[in-house]
């Protein structure tokens, strides 16, 4: 299993709480999120939202890198990310990093 850290940020003017267009995109994504996660064998380990700087951080546990790529190519995910900037990184736990790098 692989872990991915995804951080996305949008502007205040694009915030779904204030913008009807992005609100529709966000609701479309969240209405299918569970189905898409199951389809691509992805588990959400944690999810956080910071209202002050319009940032969302999520940690996913994924069976393969290809599953994560396919998830990000789903229309609802593409539309959800279209009004945001972000990045997704393959990460490890600190425990695994210490075991691997500090042998």
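For the chain, modelled as a GNM whose springs connect Cα atoms under 10 angstrom apart, the maximal fluctuation among 85, 55, 93 occurs at 93. Can you work out the FRET efficiency for the pair residue 15 and residue 41, with r the C-beta to C-beta distance and R0 = 25 Å, to the nearest 0.05? Given R0 = 25 Å and the Cβ-Cβ separation, E is 0.20. Across the range 1-80, Cα pairs under 8 Å and at least six residues apart give a relative contact order of 41 percent. What is the list of residues in the range 65-103 whose amide nitrogen lies under 11 Å from a point 7 angstrom out from the Cα of residue 5, following Cα to Cβ? 88-94, by backbone N distance to the label point.
Each of residue 24 and residue 82 was given a label point 7 Å from its Cα along the Cα-to-Cβ line. The distance between the two points is 1.0 nm. Only one item in (1) 1.02; (2) 1.93; (3) 0.96 matches Rg/Rh (Cα atoms, Kirkwood Rh) derived from the coordinates shown, and that item is (1). Gain on full extension, evaluated as 0.36 nm per residue between residue 73 and residue 99 minus their Cα-Cα distance, stands at 6.0 nm.
Values quoted throughout were computed directly from the atomic coordinates according to the rules given, and no laboratory measurement underlies them. Nothing here was measured: the structure is a model prediction, and the numbers come from that model. Neighbour counts run over all protein chains shown; Cβ positions are idealised from the backbone, glycine included.
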